[in-house]
Amino acid sequence: MTNAYPDGRPGETADAGPTDQSNVMWGGRFAQSPAQVMTAINASIGFDRRLAAQDIAGSRAHAAMLAAQGIISAQDRAAIDAGLAQILAEIARGDFAFSEALEDIHMNVEARLREIIGAAAGRLHTARSRNDQVALDFRLWVRDACDGAQAALTRLIAALLDQAEAGADLPMPGFTHLQVAQPVTWGHHMMAYVEMFGRDRARFRDARARMNECPLGAAALAGTSFPIDRAATASALGFDRPCANSMDAVADRDFALEFLACATTCAMHLSRLAEEIVIWSSAQFGFAKLSDAFSTGSSIMPQKRNPDAAELVRAKVGRIFGAQAALTMVMKGLPLTYSKDMQEDKEPVFDAADSLGLALSAMEGMARDMKPVAGKLRAAAATGFSTATDLADWLVRELGMPFRDAHHVTGALVKRAEALGCDLPELPLGEMQAVEPRISEAVFEVLGVENSVASRVSLGGTAPAQVRAQIARWREEER
């Protein structure tokens, strides 16, 4: 194996393997190799290889800055850049041999670079540390994850807008306490989730803006004595500015915690919609159907159609929230600046990002696949005395009755209808007038489900005209 350090260190030889020598990264200080269990607990290459593209991008920007500042030669910079490009291609092809003995992605890349270009590889680590290197790589990765979440949310919002537009006039029951409350429309219900997921997208956007500061150049924790240009590397990597404090730059994992917080809230919203899909697709409700593409069967009950995709989306919030709790616990007691505990930051974030991406894609698929059952929705919207509030409002509007009195009268009418086994639209006028003599035939104009939803014309209401206005506003914003 080739030594990761081009000039060697005491006790190291170019062809010695990591189990035959002191550690290849700090052999000058240590005379013995680490114990096998130490190697196992210390190595992170099993998961941080996912940072390869970010690590190489950071190194290429760093090398370009070092050359521009006259810290390394243009020839060394060219060799470094070409070697890193080759390594990136090898990783993309699956030809790169990752070594646990080299601990992490940084040393794996550096060792391979030494094999490709020789001594010039050792100049790449001038004026930086693995502390600011990993802070950079991870921040770049999380920034990409924020971009991915925003893109996936945009696709989901588009699918829900299509559902809303198709069902802007379709009545369905609106619930409180999972009891029928008032009629709404399918489109209005879909738009509620558009608003939720729109806020989620904005949270990821805000988090990305906050994390867009470059830690490279902080070195181990105190900065460096080399005349580096931190603004140049920040700009080359798409950051708004360098991190202002070198200690905070290497100690900070707020960007990862904030990503997880955004992911947790988004997953919670996904879980709420998934729960509704599970309920709607049940035989007892029958409000919506999923095709075979998003349903499964039973190994013993041939009649079953299970909404497993929705159920699994519903469960993802547990993994994502768990990741947020795990990283919070890792960080809560750490003094400044870097501690090895922080190696535990990546796996929860990787898992949460994977889980969120899968859940968003599955929900987009279900949103496009789901078919509302119009007859069931309309019938359910008319149950449970759902137009009682319309009756109370009519009493206020037409008879000048104080709302509390109207509420009492309506309650008495609901009780009478319940006793007669009918809903309010079927309650005879005489029965109504026995409770309130001033009620006229005109009251029936507000008691139908369609009349009820059409009357809710306040901003953000369920009236089809309002729903279409909401859709139009979103369509304009999404352009």
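Matching residues to (1) open to solvent by less than 10 Å² (accessible area, probe 1.4 Å); (2) part of a helix (DSSP H, G or I); (3) farther than 19 Å from R128 by Cβ:
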| residue | (1), (2), (3) |
| --- | --- |
| G46 | no, yes, yes |
| D55 | yes, yes, no |
| A67 | no, yes, no |
| I71 | no, no, no |
| R77 | no, yes, no |
| A82 | no, yes, yes |
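Considering I105, I117, I87, I157, the condition of being open to solvent by 40 Å² or more (accessible area, probe 1.4 Å) and of a type outside the set (G, A, S) is satisfied by I117 alone.
Considering (1) free of Cβ contacts under 8 Å to residues at least 12 places away in the same chain; (2) outside any helix (DSSP H, G or I), the lone condition that S386 does not fulfil carries the number (1).
Taking L216 as the residue in question, decide whether it is modelled with pLDDT of 95 or more and either in contact with a Leu (Cβ under 8 Å, 6 or more places away or on another chain) or over 30 Å from R49 (Cβ atoms) (or both). Break it down stepwise before answering.
Numbers: modelled with pLDDT of 95 or more: yes; either in contact with a Leu (Cβ under 8 Å, 6 or more places away or on another chain) or over 30 Å from R49 (Cβ atoms) (or both): yes.
Against the criterion (modelled with pLDDT of 95 or more and either in contact with a Leu (Cβ under 8 Å, 6 or more places away or on another chain) or over 30 Å from R49 (Cβ atoms) (or both)), L216 qualifies.
When A412, A382, A374 are screened for being buried (at least 17 other Cβ atoms within 10 Å of the Cβ) and aliphatic (A, V, I, L, M), only A382 passes.
Need the failing condition index for M401 against (1) open to solvent by less than 10 Å² (accessible area, probe 1.4 Å); (2) not polar (S, T, N, Q); (3) not in a helix (DSSP H, G or I), just the number. It fails just one condition, (1).
The condition of being farther than 30 Å from A152 by Cα and hydroxyl-bearing (S, T, Y) holds for T224.
The values are calculated or read from the model by the stated rules, or taken from the named source; none is laboratory data. It should be emphasised that the depicted structure is a prediction, and the values quoted were computed from it without experimental measurement. A quick note on method: Cβ atoms are made from the backbone with ideal geometry, for glycine too, and the neighbour counts reach across all protein chains shown. Areas reflect the complete protein model, heavy atoms only, side chains present, ligands, DNA and RNA absent. Shrake-Rupley method; radii C 1.70, N 1.55, O 1.52, S 1.80 Å.
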